[in-house]
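For reference, the structure is listed below as structure tokens.
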Amino acid sequence: MRTTASVLHLDLDAFFASVEQRDKPSLRGKPVIVGGIGNRGVVATASYEARAFGVRSAMSSAEAHRRCPHGAFLGGRFEAYRAASSIVMKLLHELSPLVEQLSIDEAYVDLAAGGHRLDTDSLRKIAEKLRSDVVERTGGLTASVGLGSSKFMAKVASEMAKPDGIALVAPGTEIATIAPLPARAVPGIGPVTMERLERLGVRTVADIQKLSRSELIREVGKASGESLASLAFAQDQRAIEPGREMKSISVEHTFETDIRDRDELAGVIDRDSMRVAERVQKACMFAKTISLKVRRADFSTHTRSRTLVGATDAPETFARVAKELLSGIEIAGGVRLLGVGVSNFTEAAQEELFEWGAVGSDLDEKEGAVLDRIPVESRWGKQTYWPGVDVVHQDYGSGWVWGAGLGRVTVRFETATTPPGPVKTFAIDDPKLALLTFSIDQESAS
Ligand code: TTP
Ligand code: MG
């Protein structure tokens, strides 16, 4: 714990939903739910207007629909979220070399490493300026910012600040500030630990403060117990670590009988690549390096990898590269084990991810808050229109899909920079209508 509130925590407000409201003017001020569409889908996030109806992250979309039937239910546009995230993370890197990104919309910044004045007034000014820069540079997204003497305090502060606010836990007031909070506010307390603590009658941080270190260790184990005993008194020495991201994601199979057939192995690669890609997408990441691990019947193990120029989360790219790598390995004696892995992640949108074509190659233009996009073929080949996706019509211009079905697609023609626009319905195969999407499949062998 420091003597200054020089740890900053930023978390964007209702992130995915806010990006949707930014880009879809008719949805501003309205309940918006982003997530899996259909009865088996799950809510990723909801706008604060939708939260007023009880809609929450991780709730089933069906339940969200019951609670908020008039809400706009949209599938995600991850490229837009990644681009917005990248703008915000860049702003944070301008404040300090020590930035630890926790998720697509959340990061710690060590302001003490940024050469700033660290008195409370100066820190508040930095945070206010950051918040207004976020609004300006992202075209209207808001962030909540917390300041405190440790990671724990900064996070507590940003939660107190939410939404669209700023809070600072003054050095010296840490223990009193956290005492009334629910115990699960303490970092590292997951459902299992919480259940054990509840058995001891723990509800709040103050309840943990009343337990002795040895009681805590007895109940939740040595490592967790020690850390809880310290954190409950705001003793948090954790450093801001820029390189703590995920290192690799892989899937491996050992076969019951050795496989000699390359087509069969190709099928395994396709399935594994799909699973790997799902996990990469879930982490909101792009991977640059794809590797293939092959253990032959003679137990010799061969690993090959290739690094792409851009990063991708597309299963077909992972699979294609892995199959190319397989073609360079002799497998006549049979394969016992096959693994597909990806690594070398980039957290947010990368310039080289996108094929900008006519948009031009100027960096600032790429990072503009309102993305210009060019129509390209959907990377899934067949065009599908899902609620929320960007489209362009030759006569009416840019818009987004409100709904599709029964051979028809309904589009609202508006963008981030227009007023709320009109709605029109087309045949789903209308040749004048096209999906707008990014092409992120750039690759070179190395
Ligand atoms: P959060 O920061 O947890 O949520 P939020 O930004 O939507 O809302 P808040 O104002 O409370 O911060 O998560 C950031 C984004 O991550 C969120 O907009 C959607 C996505 N997400 C998921 O995809 N699945 C999840 O279970 C959660 C919690 C978030
Ligand atoms: Mg958030």
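Sub-6 Å Cβ pairs linking a first residue in region 188-212 that is under 15 Å from Leu231 (Cα atoms) to a second residue that is among the basic types (Lys, Arg) and part of a helix (DSSP H, G or I), at least 6 apart or interchain, are Met194/Arg184, ordered by first then second residue. Only a single item in (1) more than 22 Å from Tyr385 (Cα to Cα); (2) within 16 Å of ligand 2 (Cβ to nearest atom); (3) touching a Cys at 6+ places or on another chain (Cβ under 9 Å) is not met by Gly54, and it is number (2). None of Glu198, Glu264 is acidic (Asp, Glu) and closer than 22 Å to Thr317 by Cα except Glu264.
Looking only at region 135-143, decide whether some residue is closer than 18 Å to Met1 by Cβ and either away from ligand 2 (no atom under 16 Å from the Cβ) or touching a His at 6+ places or on another chain (Cβ under 8 Å) (or both). If you could, list the steps in order and put the result at the bottom.
Just the residues of region 135-143 that are closer than 18 Å to Met1 by Cβ, to begin with: none.
No.
Condition check for Cys284 on (1) in a loop (DSSP other than H, G, I, E, B); (2) touching a helix residue (DSSP H, G or I) at 6+ places or on another chain (Cβ under 9 Å); (3) modelled with pLDDT of 90 or more: one failure, at (3).
Of everything in region 217-249 that's hydroxyl-bearing (Ser, Thr, Tyr) and modelled with pLDDT under 90, which residue is nearest to Leu337 (Cα to Cα)? Per the stated criteria, the residue is Ser248. Residues in region 92-123 that are within 17 Å of the chain's Cα centre (by Cα) and not polar (S, T, N, Q): Leu92, Val99, Glu100, Leu102, Ile104, Asp105, Glu106, Ala107, Tyr108. Scanning region 63-82 for residues that are of a type in the set (A, V, I, L, M, F, W, C), touching a residue at least 40 places away in the same chain (Cβ under 8 Å) and more than 16 Å from ligand 2 (Cβ to nearest atom) yields Ala72, Phe73, Leu74.
For region 404-436, the set of residues classified as at pLDDT below 90 and within 22 Å of Ser18 (Cβ to Cβ) consists of Leu436 only.
Go through Ala287, Ala314 for me and flag whichever is farther than 18 Å from Glu264 by Cβ, away from ligand 1 (no atom under 16 Å from the Cβ) and surrounded by fewer than 20 Cβ atoms within 10 Å (Cβ to Cβ). Walk me through it before giving the result.
Numbers: Ala287 fails: surrounded by fewer than 20 Cβ atoms within 10 Å (Cβ to Cβ).
Answer to the selection: Ala314.
Okay, residues lined up against (1) in contact with a Gly (Cβ under 6 Å, 6 or more places away or on another chain); (2) more than 16 Å from ligand 2 (Cβ to nearest atom):
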{"position": "Thr3", "(1), (2)": "no, yes"}
{"position": "Asp11", "(1), (2)": "no, no"}
{"position": "Glu20", "(1), (2)": "no, no"}
{"position": "Lys24", "(1), (2)": "no, yes"}
{"position": "Arg28", "(1), (2)": "no, yes"}
{"position": "Thr45", "(1), (2)": "no, no"}
{"position": "Ala58", "(1), (2)": "no, no"}
{"position": "Ser61", "(1), (2)": "yes, yes"}
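Across region 88-113, the number of residues qualifying as within 15 Å of ligand 2 (Cβ to nearest atom) and at pLDDT 90 or above comes to 7.
For region 102-215, please list each of the helices (runs of 4 or more DSSP H) lying entirely inside it that holds at least 2 residues being surrounded by fewer than 20 Cβ atoms within 10 Å (Cβ to Cβ) and within 14 Å of ligand 1 (Cβ to nearest atom). Even if it seems obvious, please write down each step before you answer.
Working: elements: 120-138, 151-161, 174-178, 191-199, 205-210.
Result: 151-161.
The values are calculated or read from the model by the stated rules, or taken from the named source; none is laboratory data. The structure presented is a predicted model; accordingly, all values stated were derived computationally and were not measured. Positions of Cβ are backbone-derived with ideal geometry, glycine not excepted, and every protein chain shown enters the neighbour counts.
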